[in-house]
Structures are given as C-alpha cells and as structure tokens.
1. What is the calculated FRET efficiency for GLU212 to ALA173, with r their C-beta to C-beta distance and R₀ = 22 Å, to the nearest 0.05?
2. Give me the orientation-averaged projected area of the Cα convex hull of the chain, in nm², one decimal.
3. At what distance in nm do the modelled label points of ILE239 and TRP145 sit from each other, each positioned 7 Å from its Cα along Cα→Cβ?
4. What FRET efficiency do you get for ILE119 and LYS224 if R0 is 25 Å and r is their Cβ-Cβ distance, rounded to the nearest 0.05?
5. If I build a Gaussian network model for the chain, linking alpha-carbon pairs within less than 10 angstrom, which residue out of GLN60, GLN43, GLN181 has the largest mean-square fluctuation?
6. Report for the chain the percent antiparallel among DSSP-assigned beta bridges with both residues inside it, nearest 5.
7. As a test of the formula, what do you get for the chain when each DSSP H run with n ≥ 4 contributes -39,500 (n - 2.57) and the sum is divided by the residue count, at 222 nm and rounded to the nearest 500 deg cm²/dmol?
8. Fewest first, what order do HIS204, HIS267, HIS139, HIS169 take by the number of other Cβ atoms within 10 Å?
Amino acid sequence: MKKLMVCGCSFSAVSTKEEYNGTAWSEILADKLGWNLQNIARQGCSNGGIRIQIDEVIRQRPDFAIITPTSYDRIEIPNFIKEKYNITDFRPFQQFIDYILRPTDFEGNDDKKSYYKDIGLDNINYGNNHSRMISETIHSLAGNWKHAYRPEQPVPEEVQNAVQMYVNHLYDARWKKQMDQWIIRDGLVQLQSNNISFLINPGHSMWNTMDEMNSSLANVIEKKYILDDETKNPYYAFIKYPPDGVTPENPYGKYDPGYHTSLEGQHYIANNFYNIIKNKFGL
C-alpha cells in the first residue's frame with residue numbers, strides 16, 4: 001500500500017483529542033486515497049523541527065509528502081533537563097567558551113550535546129519523549145505557558161528569563177524569517193534530489209504571498225512541487241472555516257480540535273490535496 005507523510009505544525013497535525021480521531025485533513029486524505037498515513041506534524045513545532053521531520057521523510061521514502069512550514073516566531077533550545085555546564089570545571093575561562101561553542105572537539109562530551117543528527121525526530125519534543133531539544137513558540141517559553149509537547153513543566157525561571165532577554169536584545173524577526181526560509185528550502189532540495197514527490201505550501205507567514213514563495217524557491221525547486229494556489233492550503237482554511245467559538249480572547253476558537261479549523265475546513269483541505277495528488281501527480 002502507498003504511503004503519505006505529512007510534515008508541519010498544528011495546521012497539519014492530527015488532533016490530540018480522542019473525540020476528533022480520524023477528522024484531521026491528513027487522515028481524511030489518506031482514507032480517500034486508500035493509503036497508509038504517517039503524520040509527523042506537531043503542534044507548536046518550529047521550522048527547525050519541521051526540517052528534522054523532512055529528514056524522516058527522506059529516511060522512510062513515502063510515495064508522497066506534504067510539507068507546510070510554520071511561523072518564524074519559534075525557536076529551538078537545548079532541553080533544560082540536560083546537565084548544565086559548570087564553569088568551575090574549566091581553567092581558564094576561554095576553555096569554557098570553547099567547550100560550549102565546539103563541544104564535539106572535546107572527548108567524552110557526546111552525552112552533553114543537544115542536537116545530534118543520528119537520532120532524528122528524537123531531537124525534538126514529541127509526546128512524552130525526553131528530547132535533546134525543545135522546539136516550540138517563543139511565546140510559550142518567554143511567557144512560561146504550559147505546552148502539550150513539553151513533559152517537563154514549567155520552564156525553569158532562568159530559561160524563561162534567557163528567552164525574554166534574547167527576544168528583547170538579540171531577536172531580529174526579518175533575519176529569523178530569512179533563516180527559516182533557507183532551512184526549509186534546504187529540506188526541499190534534499191527531497192527533490194532523493195526523487196521523493198512532495199508538495200510545499202506557503203505556510204503560516206513563512207512566505208506571505210505566492211509570489212514571495214515562488215521567488216524564494218525559483219531555479220531551485222521544480223514548479224510541480226510548489227502549491228500554485230494559496231486558497232488551497234491549511235492556513236487559508238483557518239480563515240475560511242474557523243473552528244467554533246473564535247473570539248479576540250480565543251483566536252483559534254474555544255472548541256478548536258487542535259488543527260484550527262472546523263470539520264468542514266478539514267474536508268476542504270483534504271479534497272484540495274486529493275485533486276492535486278491525483279490530477280497533477282497522477283498517483
């Protein structure tokens with residue numbers, strides 16, 4: 001049986017609420033196609049985390065993949081449950097700095113590293129796994145909000161303060177957006193070079209318009225892999241088919257299943273992608 005894989009954030013993830021099992025657009029789409037589904041999208045995930053998801057797509061080599069980037073207001077940080085470096089273990093101070101900046105240069109330091117390519121998705125927080133990194137919105141870290149995919153609650157005060165200082169003094173939104181575009185574009189290049197059929201969506205503010213996305217990907221990604229109608233992506237469905245109970249206080253709706261649209265919206269997305277896969281790719 002053919003396999004469909006889906007990468008992204010909450011707009012592409014399945015609901016974590018049991019009463020909504022089978023209602024996400026990827027589940028509806030896979031059922032219409034008669035394919036197996038491997039959905040590795042995750043609520044609140046950063047674009048760095050989505051890039052790791054793309055590596056998993058390359059490892060599994062499905063018949064088709066759908067990639068939807070997320071907003072650039074998300075970061076990856078070392079998992080704060082890891083052992084912290086003790087500056088008193090180093091002499092002189094420069095050795096400590098070198099140890100932080102180039103950890104692989106020091107024998108026996110693998111257990112203290114954060115990101116480690118060989119473990120793939122286990123780098124980022126899914127469910128209750130004790131990941132090496134935390135991948136989520138800056139808001140949830142700076143505001144110390146509870147996060148469904150961070151089993152260690154709450155964020156330690158020093159981590160929260162560090163994130164707040166980063167946003168206040170070091171964060172540049174336009175530069176972060178540019179970096180995230182490059183990160184996702186590299187993943188698409190790897191998919192293309194591995195001959196894996198996929199569809200890339202504009203995402204949630206990654207590329208504000210189709211023209212911006214096409215310009216970013218021009219001469220790099222074949223046009224057939226690029227969604228050519230922004231009204232067919234998951235974020236547009238949120239605008240057109242919002243969940244019940246949307247208010248200024250609850251912008252995603254009081255009764256949001258987690259994927260930010262009504263059930264009608266999920267069917268709308270599934271039908272759009274079904275037609276693309278069948279008519280454009282002939283699968």
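Each reported figure results from applying straightforward, stated rules to the coordinates on display, with no laboratory input. Quick caveat, the model's predicted, so the values are computed rather than measured. Note that we place each Cβ from the backbone using ideal geometry, even for glycine, and neighbour counts take in every protein chain shown.
1. Details: r = 15 Å, r/R0 = 0.69.
That gives a FRET efficiency of 0.90.
2. For the Cα atoms of the chain, the hull's average projected area reads 16.4 nm².
3. Reported label-point gap for ILE239 and TRP145 is 2.2 nm.
4. On the way: r = 33 Å, r/R0 = 1.31.
So the FRET efficiency works out to roughly 0.15.
5. Comparing GLN60, GLN43, GLN181 in the GNM, the peak value goes to GLN60.
6. On the way: 5 of 17 bridges.
Here the share of antiparallel DSSP bridges comes out near 30 percent.
7. Numbers: 9 runs with 99 residues, N = 283.
-10500 deg cm²/dmol, from helical runs alone.
8. Working: HIS204 21, HIS267 18, HIS139 13, HIS169 7.
The order, fewest Cβ neighbours first, is HIS169, HIS139, HIS267, HIS204.
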